[in-house]
Amino acid sequence: MEVHAQLLTESKMFCACPTRFGDAPNTNVCPVCLGLPGTLPVPNKKAVEHVIRTALALNCRIAPIALFYRKNYFYPDLPKGYQISQYGEVHPIGTHGYLEIELNGERKKIRIRRVHLEEDTGKLFHYLPGESEVDYNRAGVPLMEIVTDFPPDIHSPEEAREYLVQLRAILTYLKVCDGKMEEGSLRCEPNISVAPEGSNQLGVKTELKNLNSFRSVVRGIEFEVQRQIQILESGGQVVQETRGWSEEGAYSFPMRTKEFEQDYRYFPEPDIVPIQITEEWLESLRKTIPELPLAKAERYRREYGLSDYDARVLTADYDTATYFERCVALGVEPKTACNWITVELQARLNETGRAISESPLTPSHLADLVELIQSGTISGRIAKELFDEVFQTGRMPSEIVKERGLVQISDEDALRAAARQVLEENPDAVQKYHAGKTSVIGFLVGQMMKATQGRANPQRAQQLLREELEKFR
């Protein structure tokens, strides 16, 4: 599995052009990233540090000396005619690491062959047959490539998906990549081969290019496995090639014959001196690595008693985990915080297209809301209605409750009077209850909540209704 991750830097890999996504085509360019004659590249230190931190998080060996190479090939989106990259097993920044995944309750190590740094290419847009345009804004953006080891440890689409989910989470925790697959800042390229069961030799591989969602990866691998099996069972031969993926049609198609290593004519980049990675530099970067998602999920299960599912949902995203921990620090019971975050808050975030870091409803708001419920000040129904208003306005729940008089009715006489009124207005329901259809109590509770504008305590309302029903015979 090859994964390309655009790094979170303000400028490109070898020049000062900005890396902003979505700017007008060909506006973030200069003579360096356009590969004009006489220009010289200057490496971006922040990009190098991002790759070192990632390699450390993936348990890699860090090269004491990192070299850049020229990878030569001609393609319209590569303005220089070569790409500055890293090469071999000695000089990439990180080698021989691993990432642990958890699937069906079992852990598995996926070995990492290398983690290296290069520059991204431009982006091609294909319109009418024979008509294409290229945007060089992306050319030169720092790009990290993470390649799993060989022979492969990933043997199913589900394992591939889980590997990518964990890898994306690590990259976002480290804040080296935003993980926005829909914008192309994280792109996946699985290399797939099949072989007869029990065989010690892998079959010819094909590469699916630039998949940009977990769903595409699973569907693409499933399709390609079946396509290769059908070719072999019909007596044909699988061709080593790069293939594209049609998400709408759910099929792969040939793009070009797969190149071999010697076709790229690698040689050391003469304009960039070797980068020395000292122990002091390594140690300073190692201290910046946070608790990673798999370890955090394990801690949530152990310390907070959360289920595997809840722990994984909360730790899949760094900002969600941070939000949860702030709620707990403010006194919210962990399972209660988890339920509000993963159900109510996530639903509003999805509706508005916001990230949790942009939520107007902060951990302080949620802690205030939960305290109102636990103290008996408001009912659960009022809390859910209040949640929407807080999310829209950013006001504290206690302020809104005080202003609008939403305090839960606890007065015994007032609640009992409301219960009698509901029974008097619904004689049919009373008759059904006494005839043995006790489930009608749910309807009566609903009527009482309606009569009190949701301010009655539901449990107390049901208790009083049952007491008053005994008098309505």
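Just so you know, all these numbers are worked out from the coordinates, no wet-lab data involved. This structure is a prediction, so every number in the text was calculated from the model and none was measured. No Cβ is skipped: glycine too gets one built from the backbone with ideal geometry, and neighbour counts run over all protein chains shown.
With a simple spin-label model that places each label point 7 Å from the Cα along the Cα-to-Cβ direction, the separation between residue 303 and residue 339 comes to 2.3 nm. In segment 293-404, the convex hull through the Cα atoms has an average projected area of 6.7 nm², a quarter of its surface area. Computed over segment 85-185, the alpha-carbon pair-distance distribution with 5 angstrom bins reads 2, 10, 16, 19, 18, 15, 9, 7, 3, 1, 0, each value a whole percent. If only the Cβ of Lys and Arg carry +1 and only the Cβ of Asp and Glu carry -1, the dipole of the chain around its Cα centre is close to 500 debye.
Helix 157-174 and the long axis of the chain differ in direction by around 90°, with both axes built from C-alpha atoms. Summing Cβ point charges (Lys, Arg +1; Asp, Glu -1) relative to the Cα centre of segment 293-404 gives a dipole of roughly 160 debye.
Please name which of 440, 157, 386 has its Cα lying farthest along the dipole of the chain towards the positive end, using unit charges on Cβ (Lys, Arg +1; Asp, Glu -1) and the Cα centre as origin. Sorting the options by dipole projection puts first 440.
Among 281, 245, the order by Cβ neighbours within 10 angstrom, fewest to most, reads 281, 245.
Taking θ as phi - 60° and the Karplus parameters 6.51, -1.76 and 1.60, the scalar couplings of segment 62-70 work out to 9, 5, x, 10, 10, 10, 9, 10, 9 Hz in sequence order, x denoting glycine and proline. Between residue 40 and residue 322, the contour length at 0.36 nm per residue exceeds the Cα-Cα span by 97.3 nm. For the chain, treating each Cα as an identical point scatterer without solvent, what Debye log10 I(q)/I(0) comes out at q = 0.10, 0.13 1/Å? Debye curve over Cα of the chain, log10 I(q)/I(0) at q = 0.10, 0.13 Å⁻¹: -0.86, -1.22.
Using only side-chain charges placed at the Cβ, +1 for Lys and Arg and -1 for Asp and Glu, the dipole size of segment 54-170 relative to its Cα centre rounds to 400 debye.
In sequence order, segment 348-363 has phi-based couplings of 5, 5, 5, 5, 9, x, 9, 7, 5, 5, 9, 5, x, 8, 8, x Hz under the Karplus curve 6.51 cos²θ - 1.76 cosθ + 1.60, θ = phi - 60°, and Gly or Pro positions carry x.
Can you sort 330, 314, 56 so the residue with the fewest Cβ neighbours within 10 Å comes first? Let's see the in-between values first.
On the way: 330 16, 314 25, 56 20.
With the fewest neighbours first, 330, 314, 56 line up as 330, 56, 314.
Considering only 316, 342, 304, and ranking their Cα positions along the charge dipole of segment 295-346 that arises from unit charges at the beta-carbon of Lys, Arg, Asp and Glu, the one farthest toward the positive end is 304. Site pair residue 282 and residue 229 shows an inter-label distance of 4.5 nm when each label is modelled 7 Å from Cα along Cα→Cβ. Of the GluC sites (Glu not before Pro) found in segment 204-248, those that fall in a DSSP loop while having at most 14 other beta-carbon atoms within 10 Å are 247, 248.
Kindly provide the Kirkwood hydrodynamic radius of segment 160-295 in Å, to one decimal, from all pairs of distinct alpha carbon atoms. Hydrodynamic radius (Kirkwood, Cα only) of segment 160-295 equals 18.1 Å.
Pop the C-beta distance of residue 21 and residue 434 into the FRET formula with R0 = 60 Å and round what comes out to the nearest 0.05.
So the FRET efficiency works out to roughly 0.35.
Taking amide H as placed 1.01 Å from N in the peptide plane, residue 86 has its amide H under 5 Å from the amide H of 69, 117, each at least 5 places away in sequence or on another chain. Adding -39500 (n - 2.57) for every DSSP H run of four residues or longer, then dividing by how many residues the chain holds, sets the calculated 222 nm ellipticity at -12000 deg cm²/dmol. Distance between the C-alpha centres of segment 70-137 and segment 138-176: 11 Å, rounded to the whole angstrom. Placing R0 at 22 angstrom, the Cβ-Cβ distance between residue 202 and residue 239 gives a FRET efficiency of 0.90 after rounding to 0.05.
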